[in-house]
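Just so you know, all these numbers are worked out from the coordinates, no wet-lab data involved. Fair warning: this is a prediction, and the values are worked out from it, not measured in the lab. No Cβ is skipped: glycine too gets one built from the backbone with ideal geometry, and neighbour counts run over all protein chains shown.
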Amino acid sequence: MQNKRILLIVGGGIAAYKSLELVRRLKERGASVRAILTKGGAEFVTPLSFSVLTEEKAFADLFDLKDEAEIGHIRLSREADLIVVAPATADLLAKMAQGLADDLATAVLLATDKRVLAAPAMNVRMWQHPATRRNIATLRTDGIAFVGPDEGEMACGEYGLGRMAEPAAILDAIAGLLDTKTTGPLAGPLSGRRVLITSGPTHEPIDPVRYLANRSSGKQGHALARAASALGAEVTLVSGPVALPDPPGVRVVRVETAHEMLAATLAALPADIAICAAAVADWRAADEAPQKLKKEREGGEAKLLLAQNPDILATLAKPALKRPRLVIGFAAETENLIENASAKRRAKGADWIVANDVWPGTGAMGGDHTQIHLITGAGVEDWPPMSKDEMATRLLARAADALSSLRSAAE
Ligand code: C5P
């Protein structure tokens, strides 16, 4: 970080005090820091504190004409290697997503061509609000990187996601973004992360011409692979038989059966995130007939003995040396959606379960749209209906945030 120039934008939240610590750590590592405080930011911490620690003038007012004449918002951004917004409040993120520029901080953010890292900090309900979810999704598409928020006790007394990431985690994220290996055109919140995704149905042979299968199209799994790749991850997609093109830039391993899918999945480890979106057949024919089964007589019954398939999600989620840090499963249910999905999360040891109603008519199975409920250790989030592509981007964005929180929790 030696000689790197960080432009720090401090929004109006109680977490602003942590940004002072961030400045100290950046300076210790040889970076130079300039700070801009929003009006709200300056209510929580004084510009003087920042100017003492940064050893630079801290900019606070809206358009301070004198500063505009002396330095200008374009120069402030031009003279930075990276812009860090910490704390990034719900309001500041909304302005960024809209492209508003009614003060110095937002004008700099709109005028910059530098990478921007945001460390959100807000009340858990504000973080979960659909408006904030939309803004975060927009900002990610615009290439903004995120670190946090963390889960925990909040200043307002509530508990949940919304605490600003700790300075150590923000520092790691800054180091990652300044690292030239991850600053190419594909840089994103999942740069340097490995994501493993299963997709599609499996085909379980009964004899050489017949098989057991289900109606999964693979659309959701493939959308997840595209989204993970777009966010910068190195993606392996283990896919059952589907009629979909391979997502560009993704390593695709094609399989037929659940056993093959399990083997390919284990071979693709280690991974930071595993998402099991495949509709793996629960059973296979206990004995695959070597020749085509013959119809004995008209109207006669035939019995098919089934054996249980291995559970790929449960296998990946077992505590083991190579367990991905975030294991996500899907639960397609036609009744008691939340109860069944929550029970599945516990039974299989997954970190998160994406629950969706696949009752015929919902269009979830084989369609382009979905409506999901995200079940995490903290509870259930009801997401609005959206396209499978948008859901994929939002889920991966959430996963990227969670990974950076997990990292800071481990430190
Ligand atoms: O089929 P079920 O509802 O149990 O699937 C829930 C989750 O478990 C899905 O994420 C699915 O991909 C995964 N699964 C699996 N291996 C199986 C069955 C299900 O990975 N044999």
What one gets for the stretch 1-153 as the Kirkwood radius, inverse of mean 1/r over different Cα pairs in Å, is 15.3 Å
For the stretch 214-309, I need the span (max minus min coordinate) of the C-alpha atoms along each principal axis, in Å, sorted largest to smallest. 58, 25, 19
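Mean separation of Cα pairs under 8 Å and 6+ residues apart, divided by the residue count of the stretch 194-410: what relative contact order is that in percent?
20 percent
Can you give the FRET efficiency to the nearest 0.05 for Asp282 and Glu381, using r as the Cβ-Cβ distance and R₀ = 22 Å?
Values: r = 27 Å, r/R0 = 1.24.
FRET efficiency, Asp282 to Glu381: 0.20.
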With the cut-off at 26 Å, tell me which of the pairs Lys18/Lys39; Lys322/Lys344; Lys292/Lys344; Lys303/Lys348; Lys322/Lys348 have Cα atoms farther apart than that. Lys292/Lys344; Lys303/Lys348
Please report the base-10 log of the normalised intensity I(q)/I(0) for the chain, using a Debye sum with one equal scatterer per alpha carbon and no solvent, at each q in 0.14 (1/Å). -1.18
Under 19 Å from a label point 7 Å along Cα→Cβ of Thr334: give me every residue in the stretch 211-245 with its amide N that close. 212-218
Space enclosed by the convex hull of the alpha-carbon atoms of the stretch 194-410, per residue, Å³: 138 Å³
How high is the relative contact order of the chain, in percent, counting Cα pairs under 8 Å that sit 6 or more residues apart? 12 percent
Potential lengthening between Thr141 and Arg210 on full extension [0.36 nm per residue; Cα-Cα distance subtracted]: 20.5 nm
Based on a Kirkwood Rh over C-alpha pairs, give the Stokes-Einstein translational diffusion coefficient of the stretch 249-368 at 25 °C and viscosity 0.890 mPa s in µm²/s. 146 µm²/s
So Glu79 and Glu56, fully extended at 0.36 nm per residue minus their Cα-Cα distance, gain in nm 6.9 nm
Note on the stretch 5-178: contact order normalised by length, alpha-carbon pairs under 8 Å, 6 or more apart, percent, works out to 23 percent
How much of the DSSP beta bridge set in the chain is antiparallel, as a percent to the nearest 5? 30 percent
